[in-house]
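Structure first, then comments.
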Amino acid sequence: TSRSGKETKSNYRVRVYQIPGKPEIVDPASELMAGVPNKVGTCVSEGGYPAGTLNWLLDGKTLIPDGKGVSVKEETKRHPKTGLFTLHSELMVTPARGGALHPTFSCSFTPGLPRRRALHTAPIQLRVWNAVPLKEVQLVVEPEGGAVAPGGTVTLTCEAPAQPPPQIHWIKDGRPLPLPPGPMLLLPEVGPEDQGTYSCVATHPSHGPQESRAVSVSIIGSVEGPGLETLALTLGILGGLGTVALLIGVIVWHRRRQRKGQERKVPENQEEEEEERAELNQPEEPEAAESSTGGP
């Protein structure tokens, strides 16, 4: 407003810029497989204005999506109250066979402002596997044949050569065992409950699950389940019956021997009685004769 009261107006447009924090890579891969598409990770930038852009770098050089070996899926969201932007960028790559085995990836955020430096994520280094197809799964058992004495140890080894290494799961009698994945199964102090048929299943990232042939684990000289109890009971009963029969035989033999001894003594007693009677009768005969001759 001038001294004379004349007003002059000028309009100015004010824009408030917000620089976001450093971007970061979320859900990064741990390894890549050559010859097939792999997800590297998702780059995220939050709380910026204006939106800006995200770019991926491989070994320090910007990756340009070509829809074949490199593809990027982007998403931009704006907060309804603050007006700030959140950016997402998902990277998919197909490593070449025979290429670099340890590539390094990073992501950068470029603000939509002049003369502003780009912000970079921490780099991630991944390992590339040159895929070796899974041909055959073999199960090796030690001792050979799977027969072991009670209390012995059985070792089962699942051989599934492939790159990257497949996950190994174990099956007993057609049912999965609740064990963590691993190429070796150790059975220490084997008992009747460990007997059965075992197999392993190898799951490769580029193939479906493949199961090995089944092997048997058994205990040498054992009778499993109710058969062992039945055998012990039968042996006990037979042993008891044999003892009773032996006692009865001894008693019967002893009684027969006593009877034979008594029968041998009877004739001897009769002869002694007859001799005694004869001796008693001899004096009586002369007296009878004298009395007959001396009569009137």
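The values are calculated or read from the model by the stated rules, or taken from the named source; none is laboratory data. Treat the numbers as computed from the prediction; the structure is a model and nothing was measured. Don't worry about glycine lacking a Cβ; one is built from the backbone with ideal geometry, like all the others, and counts go over all protein chains shown. Only protein heavy atoms, including side chains, enter the accessible area calculation; ligands, DNA and RNA are left aside. Shrake-Rupley method; radii C 1.70, N 1.55, O 1.52, S 1.80 Å.
The set of residues in region 47-83 being β-branched (V, I, T) and under 17 Å from P103 (Cα atoms) consists of T62, I64, V70. Would you mind stating whether S89 is hydroxyl-bearing (S, T, Y) and touching a Cys at 6+ places or on another chain (Cβ under 6 Å)? Judged against the criteria, S89 is a match. Across region 123-136, which residue is surrounded by the most Cβ atoms within 10 Å (Cβ to Cβ) among those that are part of a loop (DSSP other than H, G, I, E, B) and at pLDDT below 90? Filtering region 123-136 for residues that are part of a loop (DSSP other than H, G, I, E, B) and at pLDDT below 90, the one surrounded by the most Cβ atoms within 10 Å (Cβ to Cβ) comes out as L134. Among residues of region 87-116 that are farther than 11 Å from T42 by Cα, those with a beta-carbon under 7 Å from a residue that is among the acidic types (D, E) at least six positions away or on a different chain give the pairs P103/D59; T104/D59.
Residues of region 71-92 that are at pLDDT below 95 and among the β-branched types (V, I, T): T82 alone. Would you point out the residue of region 63-113, among those that are more than 17 Å from K39 (Cα to Cα) and among the hydroxyl-bearing types (S, T, Y), that is farthest from the chain's Cα centre (by Cα)? Only one residue fits best here, namely T82. Once region 186-222 is narrowed to residues that are charged (D, E, K, R) and over 30 Å from P133 (Cα atoms), the residue that is least open to solvent (accessible area, probe 1.4 Å) is D194. I need a count of the residues in region 137-147 that are open to solvent by 60 Å² or more (accessible area, probe 1.4 Å) and either touching a residue at least 24 places away in the same chain (Cβ under 8 Å) or in contact with a Pro (Cβ under 9 Å, 6 or more places away or on another chain) (or both). Looking only at that region, the number is 1.
Selection over region 153-178 of residues that are assigned to a loop (DSSP other than H, G, I, E, B), within 17 Å of A214 (Cα to Cα) and in contact (Cβ under 8 Å) with a residue 40 or more places away in the chain gives a count of 1. Counting only residues that are outside any strand (DSSP E or B), more than 33 Å from the chain's Cα centre (by Cα) and surrounded by 14 or more Cβ atoms within 10 Å (Cβ to Cβ), region 20-34 holds 2 of them.
Does G112 qualify as being more than 25 Å from V132 (Cβ to Cβ), out of contact with any strand residue (DSSP E or B) (no Cβ under 6 Å at 6 or more places or on another chain), surrounded by fewer than 16 Cβ atoms within 10 Å (Cβ to Cβ) and not aromatic (F, W, Y)? Judged against the criteria, G112 is a match. From the list P150, P181, the lone residue that is surrounded by fewer than 19 Cβ atoms within 10 Å (Cβ to Cβ), assigned to a loop (DSSP other than H, G, I, E, B) and free of Cβ contacts under 8 Å to residues at least 60 places away in the same chain is P181.
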